[in-house]
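A short write-up of the structure that comes next.
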Amino acid sequence: MNIHYLLQLADDALILGHRLSEWCGHGPVLEQDIALTNISLDHLGRARSLYQYAADSYGELPAEQKATVFQSMQLNNMAAGGHKIDEDDLAYLRDEWDFRNVLLAEQPNTDWAYTVARGLFLDAFNSCLYAAMQGSHDVRLAAIAEKSMKEITYHLRWSSEWVIRLGDGTAESHTRMQQAVNDLWVYTGELFVMPTETKALAAAGTVVDTATLRQSWTDIVTEVLRKATLDVPPTGTWVQQGGKEGRHTEHLGYILAELQYMQRSYPGMKW
Amino acid sequence: MNGTTRSWPLWEVFIRSKAGLDYKHAGSLHAADAAMAIENARDVYTRRMEGVSIWVVESKHIHASDPGQNDSMFDPANDKIYRHPTFYDLPDELKHM
């Protein structure tokens, strides 16, 4: 299976999961703190399954090809030295430019409105993507999709309800919810961009062509925003993108600094 | 979110652990409405497969007996052993009681 594609899925899950985990201990009320932590762990669990698949796929490559997959020195050195790359290595030892998550996933929590708006956009996208992925010709991907769907269905319900509560709440919550939706909207176009190297896989029925998901995503999001009495921002021709090819906003570096610190400072450390 | 915690009502949560079993009081939590209370209960009390069904009721709707009246409420039942089925001798022909 194409490693870059698997990492694209896995990195979305890891980075969003990490962002949500930043709320742990800081939630507005205890119950929502736990809700977000649960959701965060769902994302990490999905990331793990996908990283394992990516690590297995990487392991099957001939040595000369392995050297061309990543531009992360530490990982490449370990692979060249005969170390079997596993899911932890992929999460902790890749540099920023080897991460392929969408820019939306790495955007900061900012406040509750931004957190749930980002959640709605990504959860709606995941619900479309993973539903379609269940029909993949790749059985391992189809199995991961099937397991993930139940979790994603709940995530989408949770984020939708919060967008509706805040949008259709007080004058202040409405204004702030609308602001969050407007600010993050520019990152949603990237969800439907297919990098060139994965287009062939989509044509073969192995992976989902995300361009085909735009309509169903728009339907879900529009309906939630309507219930929330929020305006749907206009979709311009400009799309903020680059994440799927390793070009990120300034936020990802800070996330990785925190996420990878321990393994970078004390290589191979276990606890 | 100043004051939010104070303004959300308290809910009592009841969990059914398996189909057919009774609902047991699991604890309480804060939520803005019933729908949120059920979801919060799911996240707080059923993370480890504890339940298959949830009831929530706003705590203000629970009416409780007064512990100060326990003597008169419950002690009188103490010496009424004839209220237990085991008090009675059953004929040997009765097998399934």
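The values are calculated or read from the model by the stated rules, or taken from the named source; none is laboratory data. Worth saying up front: this structure is predicted, and the values here are computed from it rather than measured. All Cβ positions, glycine included, derive from the backbone under ideal geometry; neighbour counts span all protein chains shown. Side chains are part of the model used for accessible areas, which takes the heavy atoms of the whole protein and leaves out ligands, DNA and RNA. Shrake-Rupley method; radii C 1.70, N 1.55, O 1.52, S 1.80 Å.
Worth a mention:
- Note on residue A:266 and residue B:58: the model spin-label points, each 7 Å out from Cα along the C-beta direction, lie 5.1 nm apart.
- Taking the Cα centre of segment A:3-265 as origin and assigning +1 to Lys and Arg Cβ atoms and -1 to Asp and Glu Cβ atoms, the resulting dipole is close to 340 debye.
- Extended-chain gain in nm, criterion 0.36 nm per residue less alpha-carbon gap, residue A:223 and residue A:65: 52.3 nm
- Positive-end residue, chain A charge dipole about Cα centroid, Cβ charges, pick of A:43, A:144, A:125: A:144
- Chains B and A together, accessible area buried on both sides, 1.4 angstrom probe, square angstrom: 1400 Å²
- Carbon/sulfur fraction of accessible area - segment B:1-68, other protein chains in place, 1.4 Å, %: 54 percent
- Measuring against 32 Å, Cα to Cα, the residue pairs A:84/A:147; A:150/B:60; A:66/A:150 contain A:150/B:60; A:66/A:150 as the ones spanning a longer distance.
- Projecting the Cα atoms of A:254, A:218, A:110 onto the charge dipole of chain A, computed from C-beta unit charges around the Cα centre, puts A:218 farthest toward the positive end.
- Of A:62, B:62, A:52, farthest towards positive along the dipole that unit charges on Lys, Arg, Asp, Glu beta carbons give the protein assembly as shown: A:62
- Averaged per residue, segment B:2-54 has 58 square angstrom of accessible surface, using a 1.4 angstrom probe with ligands and nucleic acids left out.
- Interface residues, segment A:146-167 - accessible area loss of 30 Å² or more versus chain alone, probe 1.4 Å: A:154, A:161, A:162, A:165
- Per atom type, chain A shows carbon and sulfur on 56% of its accessible surface, probed at 1.4 Å.
- At least 30 Å² of accessible area lost relative to the chain alone, listed for segment B:15-54 with a 1.4 Å probe: B:36, B:39, B:40, B:42, B:43, B:44, B:47
- Comparing B:74, B:87, B:14 in a Gaussian network model of chain B (Cα springs below 10 Å), the most mobile by mean-square fluctuation is B:87.
- Residues of segment A:15-47 buried by at least 40 Å² of accessible area upon assembly of all protein chains, compared with the chain on its own (1.4 Å probe): A:28, A:29, A:31, A:34, A:38.
- Among B:72, B:59, B:17: highest mean-square fluctuation, GNM of chain B, C-alpha pairs under 10 Å: B:72
- Total formal charge among the other residues, if their Cβ is under 15 angstrom from that of residue A:110, Lys/Arg +1 and Asp/Glu -1: -2
- Sorting A:78, A:194 by accessible area puts them as A:78, A:194; the probe is 1.4 Å, largest comes first, and only protein heavy atoms count.
- Rolling a 1.4 Å probe across the protein heavy atoms gives segment A:3-265 an accessible surface of 43 Å² per residue.
- Springs between Cα atoms under 10 Å define the GNM used for chain A, and in it the highest mean-square fluctuation of A:65, A:134, A:260 occurs at A:65.
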